[in-house]
Amino acid sequence: MAKTLQLSEALHAYVLANSLRETPVQRRLRALTSRMPRSTMQVAPEQGQFLQLLVRLTGARRILEIGTFTGYSALAMALALPRGGRVVSCDLSREWTDIAKKYWARAGVSRKITLKLAPALDTLRALKGPFDLAFIDADKENYQRYFERCLGLVRRGGLIAIDNTLWYGRVIDRRDRGADTRAVRAFNRRLHRDRRVEISLVPIGDGLTLALKR
């Protein structure tokens, strides 16, 4: 039976060399973030480009992002939006998002991104849809709550993308009973049974699940 190819470091480098099309601002932001203590929270560059493709494929004009960090994913999606398109990005950290705002400005997309600094569930309760695309990449214990709210805000035929659904491979490690690992496992099991959406878990980055609202 054919299965997804595992990427060696050399093969991953080949993927980037023959696919990645970053702007100079994206490269500088990624380089800066890579030197930070929590750099693994940033999406992989090929995943950022994949999100850009999803924006264009869905014709998205309104995007909802839960989890901003230093702003790479919001930047990638904003670059793919048409004139008048908007990203609403939710986070708690002023320190991280101050970096994001600086690079959004350098890329000329600040007007496309509205940052909400507050607990994401509070922000989501106050928002009104419809959104075309949602990207969830925040605290894992709230993944199911974020998903339920996004499902209510995204239009029929809209897309929800959920990051970290392979969780560094820990989802299959029976010895790992950490709260985040258990939350991701539970979310994946529940989503697999959820007939409100069509799903595909794509092994890109740390695992990206796509859920198309029926």
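Solvent-accessible area of E198, all protein chains in place: 90 Å² (probe radius 1.4 Å, heavy atoms, ligands and nucleic acids excluded). The count of lysine pairs in region 67-187 with alpha-carbon distances below 23 Å, taking only pairs 8 or more places apart or on different chains, stands at 7. Identify which of the listed values of volume of the Cα convex hull per residue in Å³ was calculated from the structure shown: (1) 138; (2) 121; (3) 151. Calculated volume of the Cα convex hull per residue in Å³: the matching label is (1). Does region 1-101 come out rounded, prolate or oblate, given a ≥ b ≥ c as the square roots of the eigenvalues of its C-alpha gyration tensor, rounded meaning a/c under 1.5 and, failing that, prolate meaning a/b above b/c? Judged from the Cα gyration tensor, region 1-101 comes out oblate (a/c at least 1.5, b/c at or above a/b). Protein heavy-atom accessible surface, 1.4 Å probe, per residue over the chain: 55 Å².
Spatially, region 124-203 and region 1-58 are offset by 20 Å when compared through their Cα centroids.
Report note on the peptides 55-62, 40-47: ranked by the mean count of other C-beta atoms within 10 Å, highest first, their order is 40-47, 55-62.
Taking 16 Å as the straight-line reach from the Cα of K213, the aspartates and glutamates in range (excluding those fewer than 8 positions away in the same chain) are D132, E148, D194, E198. Rounded, prolate or oblate: which fits region 33-155 when a ≥ b ≥ c are the square roots of the eigenvalues of the alpha-carbon gyration tensor, with rounded for a/c under 1.5 and prolate only if a/b beats b/c? In terms of gyration-tensor shape, rounded.
Considering helices alone, the calculated mean residue ellipticity of the chain at 222 nm is -13000 deg cm²/dmol, with DSSP H runs of length four and up weighted by -39500 (n - 2.57) and normalised per residue.
The values are calculated or read from the model by the stated rules, or taken from the named source; none is laboratory data. For clarity, every value in this text was computed on a predicted model and none was experimentally measured. Quick reminder, even Gly has a Cβ in these numbers, built from the backbone with ideal geometry, and neighbours come from all protein chains shown. For accessibility, only protein heavy atoms count, side chains too; no ligands or nucleic acids. Shrake-Rupley method; radii C 1.70, N 1.55, O 1.52, S 1.80 Å.
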